[in-house]
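See below for the structure under consideration.
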Amino acid sequence: MALKYSSITKKVIMALAGLFLISFLIVHLSINLLILKNDNREAFNLAAHFMVTNPLIQTFQWVLFGGFILHILIGILLQIQNWLARPKRYKVEGYSHTSFFSKFMIHTGIVILALLALHLVNFFFKAKFGEIPSVMINGEHYEDMGILVIEKFRSLPFVLIYVFWLIFLGFHLDHAFHSALQSLGLNHSKYTPVAFGLSRVLAILIAGGFILIPVLVYIS
Amino acid sequence: MAELNSKIPKGELAQKWTEYKSHTNLVNPSNKRRLEIIVVGTGLAGASAAASLGELGFKVKNFCYQDSPRRAHSIAAQGGINAAKNYQNDGDSVYRLFYDTIKGGDYRSREANVYRLAEVSNAIIDQCVAQGVPFAREYGGLLDNRSFGGAQVSRTFYARGQTGQQLLLGAYSALSRQVKKGNVELFTRHEMLDVVLVDGRARGIIVRDLVTGAIERHAAHAVVLATGGYGNVFFLSTNAMGSNATAIWKAYKRGAVFGNPSFTQIHPTCIPVHGDFQSKLTLMSESLRNDGRIWVPKNKEDAEKIRHGQLKPIQIAEEDRDYYLERRYPAFGNLVPRDVASRAAKERCDAGYGVGETGLAVYLDFSESINRLGKNVIEERYGNLFQMYEKIVDENPYKTPMMIYPAVHYTMGGLWVDYELMTTIPGLFVIGEANFSDHGANRLGASALMQGLADGYFVLPYTIQNYLSDQIRIPNFSPDLPEFRKTETEATERLKKLMNVKGTKTVDSFHKRLGMILWEYVGMGRNAEGLKKAIPKIAALREEFWKDVKVTGDFNEINPELEKAGRVADFLELGELIARDALSRNESCGGHFREEYQTPEGEALRDDQNLMFVSAWEFTGENSEPVMNKEPLNYEFVEVKQRNYK
Amino acid sequence: MDLTLKIWRQKNASSKGKFVTYKVNDISPNSSFLEMMDILNESLVVKGEDPVAFDHDCREGICGACSLYINGRPHGPDAAITTCQLHMRRFKDGDTIVIEPWRARPFPVLRDLIVDRTSFDKIIQAGGYISVNTGGIPDANAIPIPKINADLSMDAASCIGCGACVAACKNASAMLFVSAKVSQFALLPQGKVEAAERVQAMVAEMDRLGFGNCTNTGACEAECPKEISITNIARMNREFLCSKIGAPKVKIGAGGF
């Protein structure tokens, strides 16, 4: 069906899915940052518990999956079309002035996707289906997701892989927010420069925030 | 001798076109679908004609040598398009536009045609605005105008410095719409080689597919040539590299008479020549003369020092500058018509006051306007032109005056046509710059676009029907008729012959030499002695060309050398006719300046007693001299005066 | 100046091409790039070799015919000009210059550096016009148009259809070209009448011809000799979305609209 959509419609879907994923990242990051709170992981575990048990979030999880898959599949489809549009490449190319990371969205995207699998195996599936130590908070039993995270991040190679992955996420995000607005036709002589700045700020804050966690956990 | 019937309708000047339209024969819609028309060229005239004829329901085939109709050289026109709208409330009217055009043309054009041109000019602006041409506007949302040479009113509509582009894209979009509808079939990268006559009427053309090299025959009920001017005969001109005279030249050799071939316009504001490797000249819009002041140093010593790089123009004090146009023509100043401005520049340079390395340049200075209006106003008006100048010359015209010099730009001459735009070959119509036109001996700025679109949108679609109305019983022609085969063979053989010369000199080298001869003897200033030298020189060059030209490549492939060779072969014949015409016209008028005929002040001196006619040259065979026919010009409605811009 | 040129040579559309190296000597820094090519071609013809075929016509930067991909950039290293306006003073003595044709599936090479750009004409034919016939038009000043819109429309309309945007885009996308025409008309009251049909028809044709998709990298804008902005692409996206969401279902017949 996506094949039948016009190029602009596909771009619009990419943009909407992308914006949705950015909002997910912000939620995810804000929960993750709770682990840095010096309260014996209490706030983090409560939030994690909420996320795995709340029925609304559980339903929304499937929407999130849908967003991911749409973003990935259409991204790949667009890329294949793009490659086909230039069967014979230039001998010398790439000297035009462009926004740098925009040229490598498929590459950064693939790196992110590959390491996402690792991430899901280590945390998401464990949280969903695995055995997790239990902890008492306010007299009730909760899964201690926090300890799982902390233990993982004690291994240096693991931390390095994560940092590497998150840097690529940052690269990907650098060409995300403003590009999505452009695809949606939201361009304005006054506000578009702001969107460009915001895009970079988002990329740095989100990637930086996520990187902070493994690094600080490892150091402490 | 050809019979020249101009078919000017009877009656009052202002009523002629209305009368004509009311009584002309038309073709009914069902018959239109059966009638085929070939239009060659996709410039302003060609594209607008093909689109309008397609809209009417005719089956149109449209040809161009470029890869897209949008690339025709009309696209390069910068300054603007005239119309008698009188939006500025400055006293303009259809009559005034008519009068300025007649006067600007030095009384060598047809009153009725020029009046019609002025009359339809307003409809062109309406049409273009409706097509989405983004003309310049004022803050109130209404159209803006600028003034142009040869007029005392502001009647020129413009779209920055790209008016030709915008008008052509308008016509191109109308054409594209008809292509989509199936009314017009487009043949790009096809060059016309010859016109085919059946029983004395134009019935088709022979073209070469420039990609495959194949020679094709196309038949139709009428053929319209909109192939532009022949300024490239001079090698260096402001025309596009591909602009050529082949179509009209072949029509001439098939019996269409050629009007006023020597009337070529030298544009005063071009970027001067900078080296012998130069391939073309770049025009700077005449609109620059609105805000720029033209000068040379008052003292020869200063000019000398500037030429040797010892002095810079900004170091010349105000009192040491000679604003020669303002001095000689106080009423029009820097806005005198093109021929006057060009000759004045040549006069100063010949007298030793020229600037630039070669001494063949004068200054066009914006410092006064920049001080008066501010740099941003000048930038808004001419930004892209200034940028273009800086790219080519490597000097910043905001800081130092521009250097300009005249260059061949437009040809008023062309195939002779009657009031219906038909040549002496029935069924062969010529529109736009390709015909001998409404501009007389000199064209005013911003009038070429007007004429191209007037012919294509509003004149030809009426007049061609008068011809076609008695063709409705003629079935579609087969391009297999012996006449087509014969013409095809002749065209093919001519190209094969060019390839088989296998000489030693390149096509361009011949073209350059032809250009030198013409520029020297048949350029801005002409005299009998020089012209008598030029004719045998051109003939000798032509002979040498056919013996020693080298054309590489194959016939059946893209072969730019072969294309050029065919065009230059025709230029070598046309050049001689231009010289002959210039020699026969013993007067100075407009762009044709014979040094023997000038007033004591150096102005052009016409001979209205004996030479108030169109020279219409008739081909009489390869080895015999052409014959000149005369179409007398009768001025019933304007008083013929010596042009005076003082 | 002495220069080494590496030029793509290809006999015709079906043959396999290759790079051929040429040397040119004593080139004046004041000559234009195409004049340098002329000098090369003259020398080739004298030697009896086929000259390098390239598209060019007006040589003043407006017809859009010239189209060389020079050292990795369409129309060469300078911004806001076409190849014909590029001058040799921009290069250094002894430089090597790699000259390639535009590369895109909808722009097949016809010979050497000449490509077929009729796909651009097809996009315009699909809807790049205002459907008015000749004659019977109200006065040009009947509808005032805000100067800002007329100026923005003119910015978009200055497109010369050279194809540098496609050549520069890593995806060979024609979005800048199409959006320039869509924008030109969308900004004018005359063009608004059929804006929905136009944008859908032109985008559909663009997709059909096999151009790539826009990834908002901005290479087109950086290389456009007329500096057409990608804000036009955003405007087209907006027009397209609005036409899909807001306007009645558009039917585009075979004969246009």
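The values are calculated or read from the model by the stated rules, or taken from the named source; none is laboratory data. From a predicted model like this one, the values you see are computed outputs, not experimental measurements. Cβ sites come from the backbone with ideal geometry, for glycine too, and all protein chains shown count toward neighbours.
The conditions are (1) surrounded by 17 or more Cβ atoms within 10 Å (Cβ to Cβ); (2) touching a helix residue (DSSP H, G or I) at 6+ places or on another chain (Cβ under 8 Å), and C:Ala80 fails exactly one of them. Which is it?
(1)
Counting only residues that are surrounded by 15 or more Cβ atoms within 10 Å (Cβ to Cβ) and either in contact with a Lys or Arg (Cβ under 9 Å, 6 or more places away or on another chain) or more than 14 Å from chain C (Cβ to nearest Cβ) (or both), how many does the range A:79-90 have?
Residues flagged as surrounded by 15 or more Cβ atoms within 10 Å (Cβ to Cβ) and either in contact with a Lys or Arg (Cβ under 9 Å, 6 or more places away or on another chain) or more than 14 Å from chain C (Cβ to nearest Cβ) (or both) within the range A:79-90 amount to 5.
Go through the range C:206-257 and report how many residues are at pLDDT 95 or above and outside the structural domain of C:Ala180 (by TED's automatic domain parsing).
0
For the range B:531-576, enumerate the residues that are surrounded by fewer than 19 Cβ atoms within 10 Å (Cβ to Cβ) and either farther than 30 Å from B:Arg189 by Cβ or of a type in the set (Val, Ile, Thr) (or both).
Matches in the range B:531-576: B:Lys532, B:Lys533, B:Pro536, B:Ala539, B:Ala540, B:Glu543, B:Glu544, B:Lys547.
Restricting to the range A:93-146, give me the number of residues that are touching a His at 6+ places or on another chain (Cβ under 7 Å), within 12 Å of chain C (Cβ to nearest Cβ) and either more than 30 Å from C:Asn216 (Cα to Cα) or at pLDDT below 85 (or both).
Of the residues in the range A:93-146, 1 are touching a His at 6+ places or on another chain (Cβ under 7 Å), within 12 Å of chain C (Cβ to nearest Cβ) and either more than 30 Å from C:Asn216 (Cα to Cα) or at pLDDT below 85 (or both).
Hydrophobic (A, V, I, L, M, F, W, C), under 27 Å from B:Gly149 (Cβ atoms) and touching a residue at least 60 places away in the same chain (Cβ under 8 Å): which single residue out of B:Ala528, B:Ala434, B:Ala491 fits that description? Let's see the steps before the verdict.
On the way: B:Ala528 fails: under 27 Å from B:Gly149 (Cβ atoms); B:Ala491 fails: under 27 Å from B:Gly149 (Cβ atoms).
So the residue among B:Ala528, B:Ala434, B:Ala491 that is hydrophobic (A, V, I, L, M, F, W, C), under 27 Å from B:Gly149 (Cβ atoms) and touching a residue at least 60 places away in the same chain (Cβ under 8 Å) is B:Ala434.
Please state which one of C:Ala234, C:Ala204, C:Ala172, C:Ala247 is within 9 Å of chain A (Cβ to nearest Cβ), of a type in the set (A, V, I, L, M), out of contact with any Cys (no Cβ under 9 Å at 6 or more places or on another chain) and surrounded by fewer than 22 Cβ atoms within 10 Å (Cβ to Cβ). Explain how you work it out, then say what you get.
Numbers: C:Ala234 fails: surrounded by fewer than 22 Cβ atoms within 10 Å (Cβ to Cβ); C:Ala172 fails: surrounded by fewer than 22 Cβ atoms within 10 Å (Cβ to Cβ); C:Ala247 fails: within 9 Å of chain A (Cβ to nearest Cβ).
Answer to the selection: C:Ala204.
Output the residue which, of all residues in the range A:37-48 that are of a type in the set (S, T, N, Q) and not in a helix (DSSP H, G or I), is farthest from the other protein chains (Cβ to nearest Cβ).
Restricting attention to the range A:37-48, the residues satisfying the condition of being of a type in the set (S, T, N, Q) are A:38, A:40, A:45.
From what's left, not in a helix (DSSP H, G or I): A:38, A:40.
Working: A:Asn38: 43, A:Asn40: 46 Å.
The residue in question is A:Asn40.
Please state which one of B:Ser48, B:Ser30 is among the small types (Gly, Ala, Ser) and over 22 Å from B:Ile124 (Cβ atoms).
B:Ser30
Looking only at helices (runs of 4 or more DSSP H) that fall completely inside the range B:237-341, which ones have 2 or more residues that are free of Cβ contacts under 8 Å to residues at least 60 places away in the same chain, outside the structural domain of B:Glu573 (by TED's automatic domain parsing) and not small (Gly, Ala, Ser)?
Filter on the range B:237-341 gives B:300-307, B:324-328.
Looking only at the range B:183-194, decide whether some residue is of a type in the set (S, T, N, Q), free of Cβ contacts under 8 Å to residues at least 60 places away in the same chain and touching a Gly at 6+ places or on another chain (Cβ under 6 Å).
Within the range B:183-194 (the criterion being of a type in the set (S, T, N, Q), free of Cβ contacts under 8 Å to residues at least 60 places away in the same chain and touching a Gly at 6+ places or on another chain (Cβ under 6 Å)), the answer is no, since none of the residues qualifies.
Could you tell me whether the range A:128-138 includes any residue that is free of Cβ contacts under 8 Å to residues at least 60 places away in the same chain and assigned to a strand (DSSP E or B)?
Yes, some residue in the range A:128-138 is free of Cβ contacts under 8 Å to residues at least 60 places away in the same chain and assigned to a strand (DSSP E or B).
For residues that are within 14 Å of A:Ile76 (Cα to Cα) and not in a helix (DSSP H, G or I), scanning just the range A:1-36, find the one that is modelled with the highest pLDDT.
By that ranking, first place goes to A:Leu3.
For the range B:609-646, how many residues are closer than 23 Å to B:Glu529 by Cα and of a type in the set (D, E, K, R)?
1
Farther than 28 Å from B:Leu53 by Cα and under 16 Å from the mean Cα position of the chain (by Cα): is that true of C:Ile228 in this structure?
When the stated conditions are applied, C:Ile228 passes them.
Conditions tested, residue by residue: (1) assigned to a loop (DSSP other than H, G, I, E, B); (2) under 21 Å from B:Gln278 (Cα atoms); (3) within 8 Å of another protein chain (Cβ to nearest Cβ).
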| position | (1), (2), (3) |
| --- | --- |
| C:Ile39 | no, yes, yes |
| C:Glu49 | yes, no, yes |
| C:Cys63 | yes, yes, yes |
| C:Ala80 | yes, no, yes |
| C:Trp102 | yes, no, no |
| C:Phe107 | yes, no, no |
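Residue under question is B:Leu175, and the condition is that it be hydrophobic (A, V, I, L, M, F, W, C), within 11 Å of chain C (Cβ to nearest Cβ) and within 27 Å of B:Ala83 (Cα to Cα); does it hold?
So B:Leu175 passes the test.
Name the residues in the range B:560-593 that are in contact (Cβ under 8 Å) with a residue 24 or more places away in the chain and closer than 22 Å to B:Leu325 by Cβ, would you?
Residues satisfying the conditions are B:Cys589, B:Gly590, B:Gly591, B:His592, B:Phe593.
Could you look through the range B:345-396, keep only residues that are within 26 Å of the chain's Cα centre (by Cα) and not in a helix (DSSP H, G or I), and pick out the one that is nearest to B:Ala136 (Cα to Cα)?
So the residue we want is B:Leu364.
Restricted to the range A:167-220, and to residues that are within 11 Å of another protein chain (Cβ to nearest Cβ) and assigned to a loop (DSSP other than H, G, I, E, B), which residue is farthest from A:Thr9 (Cα to Cα)?
Only one residue fits best here, namely A:Ser189.
Select from the range C:144-153 the residues that are touching a residue at least 12 places away in the same chain (Cβ under 8 Å) and within 8 Å of chain B (Cβ to nearest Cβ) and list them in ascending order. Walk me through it before giving the result.
Start the filter on the range C:144-153 by keeping residues that are touching a residue at least 12 places away in the same chain (Cβ under 8 Å), which leaves C:145, C:149-150, C:152-153.
Correct list: C:Ile145, C:Ala150, C:Ser153.
Quick one: B:Val224 ticks every box in (1) in contact with a helix residue (DSSP H, G or I) (Cβ under 7 Å, 6 or more places away or on another chain); (2) farther than 29 Å from B:Thr463 by Cβ except a single one, so which number is it?
(2)
Can you tell me how many residues within the range C:65-78 are facing another protein chain (nearest Cβ under 7 Å) and over 14 Å from C:Ile99 (Cβ atoms)?
Residues in the range C:65-78 being facing another protein chain (nearest Cβ under 7 Å) and over 14 Å from C:Ile99 (Cβ atoms): 1 in total.
Take B:Gly228 and decide whether it is assigned to a strand (DSSP E or B) and modelled with pLDDT of 95 or more.
The answer is no for B:Gly228.
Considering each residue of the range B:121-152, count those that are facing chain C (nearest Cβ under 10 Å) and touching a residue at least 24 places away in the same chain (Cβ under 8 Å), and give that number.
The total comes to 14.
Quick one: in the range C:207-225, of everything that is more than 8 Å from chain A (Cβ to nearest Cβ) and assigned to a helix (DSSP H, G or I), which residue is nearest to the chain's Cα centre (by Cα)?
C:Cys220
Going through B:Lys305, B:Lys298, B:Lys312, B:Lys250 one at a time, which residue ends up being of a type in the set (Lys, Arg), away from chain C (no Cβ under 14 Å) and either crowded, with 24+ Cβ neighbours inside 10 Å or under 30 Å from B:Arg494 (Cα atoms) (or both)?
On inspection, the qualifying residue turns out to be B:Lys250.
Before we move on, is C:Ala79 among the aliphatic types (A, V, I, L, M) and at pLDDT below 95?
It is true that C:Ala79 is among the aliphatic types (A, V, I, L, M) and at pLDDT below 95.
Looking at the range B:178-219 only, could you name the residues that are within 14 Å of another protein chain (Cβ to nearest Cβ) and either farther than 26 Å from B:Ala565 by Cβ or aliphatic (A, V, I, L, M) (or both)?
B:Gln178, B:Val179, B:Lys180, B:Lys181, B:Gly182, B:Asn183, B:Val184, B:Glu185, B:Leu186, B:Leu210, B:Val211, B:Ala214
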